[in-house]
Amino acid sequence: MSYLEELINYLKNKNPNEPEFVQAAEEFLEAVVPFISNHKKYDGTNILHRIIEPERIVMFRVPWLDDKGNQCVNRGYRVEYNSAIGPYKGGLRFHPSVNLSILKFLGFEQIFKNALTGLPMGGGKGGSDFDPKGKSDNEVMKFCQSFMLELSRHIGPNTDVPAGDIGVGGREIGYMFGQYKRIKNEFTGVLTGKGANWGGSLIRPEATGYGLIYFLVEMLSAQDIDIRNKSVAISGSGNVAQYACKKLIELGAKVITLSDSSGHIYDPNGIDSKKLEYVFELKGVRRGRISEYADKFDCSFSKGTPWGVPCDIALPCATQNELTHSDAQKLIQNNCLAVAEGANMPSTAGAINEFQKNKILFAPGKASNAGGVAVSGLEMSQNSLRMNWPSEEVDNKLKEIMKNIHSICVKYGSQKDYIDYVKGANIGGFIKIADSMLDQGLV
Ligand code: NDP
Ligand code: 2IT
C-alpha cells in the first residue's frame with residue numbers, strides 16, 4: 001500500500017460519518033504527499049497526521065426562547081483547528097445542515113487559505129444548526145446572545161477571532177459583539193465583519209466577492225483572456241455572489257444567473273447595477289426569495305443549480321458540493337473556459353477531476369475566496385492599531401494579496417501546459433503551516 005493510500009485509510013477510519021471532512025482532507029493529501037516525498041526535512045515528523053488532527057473542538061448547548069415563549073435548543077460548535085501561524089481565525093455558519101463534518105472541513109480549508117493570504121492567522125470555524133430563515137430579529141438576537149454566552153469562554157482577540165459565513169452577516173455579528181462586550185467588559189477586535197461605526201474594516205462586506213474577481217482576472221490574464229463581455233453564471237445570491245456580481249458589472253462582464261436554495265434565475269440580458277440594487281434589497285434587507293427577481297424583471301426561474309445555462313465563466317458562490325461531475329460535463333459541453341470557487345468546496349471531487357482532465361481553468365476556494373478572510377486580517381490589524389484605513393487603501397491591499405496568492409499557485413502548480421491551481425494552493429499553504437509547526441516542536 002502506498003503512503004497516500006495508508007493515510008487516506010487512516011483518515012477514513014479515524015473520522016467515520018464525516019464525508020465532507022474526508023473529501024477536503026483527501027484533496028489536500030493527494031496534492032501534498034508527492035511534494036513531501038521529495039523533501040527530506042519532513043521525514044520522521046508525522047507532519048500530515050498531525051495537521052489533519054484539530055487542536056481543539058468545543059461543542060455546546062444553545063438554549064433560547066422564541067417569540068411565542070417556546071423553549072428552543074440548538075447545538076453550537078467551534079473547531080479550533082491550527083494555531084501555528086496566528087490566532088484561530090474563520091467564520092461562523094448558521095444553517096440547519098451544520099454538523100461536525102461540515103465545520104471540520106471548513107476549518108481545515110481555512111488553515112491553508114489563511115496561510116496563503118500571507119497574514120498571521122491560524123485556522124478555525126464554528127457555527128450552529130440554528131436556521132435564521134423565518135426568524136424575527138428578536139429571535140435571532142436572543143439566539144446570538146445565548147450562543148455567545150458560551151463561545152465567549154473560548155475566543156479572544158489573541159486566541160480565536162470568528163467572523164461571518166452562511167447565515168451570519170452584519171446583523172448577527174452585531175448581536176454577538178454586543179453580548180461579548182457585555183460579558184467581558186472589553187471593547188476588542190474579537191470578531192471581524194463588524195459595522196464600520198464600531199471597528200469594522202471598510203471593504204470587508206465586499207472583500208470575498210471582489211477578491212474572487214481579482215483572482216479570476218489574474219487567472220484569465222495569465223492566458224491573455226479579457227474578462228470584458230464574458231458571460232458569467234453565478235450561484236448563490238448572498239454576500240459573496242452579490243459583490244462578485246457588482247465587480248463583474250464594473251469590469252464589463254455580463255452576469256446571467258443567480259440562485260438560492262429554491263432555484264436559479266436566468267436573465268439573458270444580464271444583471272445591471274439597477275437590478276443588482278434590487279437583489280441587495282431583496283436578499284439582504286427583506287430576506288426574500290430569488291424567484292421574485294424573475295417576476296420583477298420578466299425572466300426565467302427554474303429549480304436547481306444554474307450549471308446547465310451556457311456561459312463562459314462559472315462562479316459557484318452558494319455552498320459545498322453544489323457543482324457535481326455531471327454539472328462539470330454540462331459546463332464543458334457549453335464551452336465554459338474558467339471556473340472559480342467563491343464558496344468553500346462547491347465542486348465535488350469528480351467535478352474538479354473533469355475540469356482538470358479537460359484543461360479548464362479551475363480555481364479552488366482556498367485560493368480564490370481568500371479575499372474575505374484577508375480583509376478580516378486587515379480588520380484585526382486596524383483594531384490593534386486603533387485606526388481605520390480608507391477604502392481605497394484596503395481595496396489596494398486586497399488586490400495585492402489576491403495577486404500574490406495567484407503567484408503562489410503558479411509557483412507550485414505549474415505543469416507543462418496547464419496550471420494546476422489545486423496543487424499550487426495546497427502545497428503553497430502546506431509549506432508555511434508545516435514549517436511553522438516543525439519550528440515550534442511537537443505541540
Ligand atoms: P450568505 O448566507 O450571504 O448566502 C448564502 C447563499 O447561498 C444564499 O443565496 C443561500 O440561499 C445559498 N445557499 C446556502 N446554502 C445552500 C444550500 N444548501 N443549497 C443551495 N443554496 C444554498 O453566505 P455567503 O455568501 O457569505 O457564503 C456563500 C459561500 O461562500 C459559502 O460557501 C461560504 O462558506 C463561502 N465564503 C464566504 C465568505 C464570506 O466572507 N462571507 C468568505 C469565503 C467563503 P438561501 O437564501 O435560500 O439560503
Ligand atoms: O470561509 C471564509 O473564509 C469565511 N467565511 C471568512 C472568514 C473570516 O474570518 O473572515
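The values are calculated or read from the model by the stated rules, or taken from the named source; none is laboratory data. Keep in mind that this is a model prediction, so the values were computed, not measured. Virtual Cβ from ideal backbone geometry, glycine too; neighbours counted across all protein chains shown. Calculation scope for accessible area: heavy atoms of the full protein, side chains included, ligands and nucleic acids excluded. Shrake-Rupley method; radii C 1.70, N 1.55, O 1.52, S 1.80 Å.
Between Lys68 and Asn321, residue separation times 0.36 nm minus the direct Cα-Cα distance comes to 87.5 nm.
Treating r as the C-beta distance of Asn138 and Tyr278 and R0 as 25 Å, the FRET efficiency rounds to 0.40.
Note on Asn229 and Tyr10: their simple-model spin labels are 5.4 nm apart, each label 7 Å out from Cα toward Cβ. Applying the Karplus relation 6.51 cos²θ - 1.76 cosθ + 1.60 with θ = phi - 60° to the stretch 225-239 yields 3J(HN,Hα) values of 10, 8, 7, 4, 6, 6, 8, 10, 9, 10, 9, x, 8, x, 3 Hz, where x marks Gly and Pro.
Under a 5 Å amide H cut-off, with hydrogens placed 1.01 Å from N, Val168 pairs with Phe94 among residues at least 5 apart or on other chains. A full extension of the chain between Val58 and Leu438 corresponds to an added length of 134.2 nm, given 0.36 nm per residue minus the alpha carbon distance. The loop-placed trypsin sites (Lys or Arg not before Pro) in the stretch 69-148, going by DSSP, that have at most 14 neighbouring Cβ atoms within 10 Å of their Cβ come out as Lys133.
The slack between Asn335 and Ala349, meaning 0.36 nm per residue of separation minus the straight C-alpha distance, is 3.0 nm. When the listed pairs Lys246/Lys411; Lys104/Lys330; Lys230/Lys366; Lys89/Lys411; Lys230/Lys357; Lys12/Lys403 are checked against a 28 Å cut-off, the alpha-carbon distance exceeds it for Lys246/Lys411; Lys104/Lys330; Lys12/Lys403.
Of the peptides 213-224, 312-323, 257-268, the ranking by mean beta-carbon count within 10 Å, highest at the top, reads 312-323, 257-268, 213-224. Counting only protein heavy atoms and a probe of 1.4 Å, the accessible surface of the chain is 48% carbon and sulfur. The label point for Ser391 and the one for Ser2, both projected 7 Å from the Cα toward the Cβ, are 4.9 nm apart.
Net charge in the neighbourhood of Leu116 (other residues with Cβ under 10 Å of its Cβ; Lys, Arg +1, Asp, Glu -1) is +3. Heavy-atom accessible surface of the chain, averaged per residue, reaches 41 Å², computed with a 1.4 Å probe.
Each Lys or Arg adds one and each Asp or Glu subtracts one; over the other residues with Cβ under 11 Å from the Cβ of Ile313, this totals +1.
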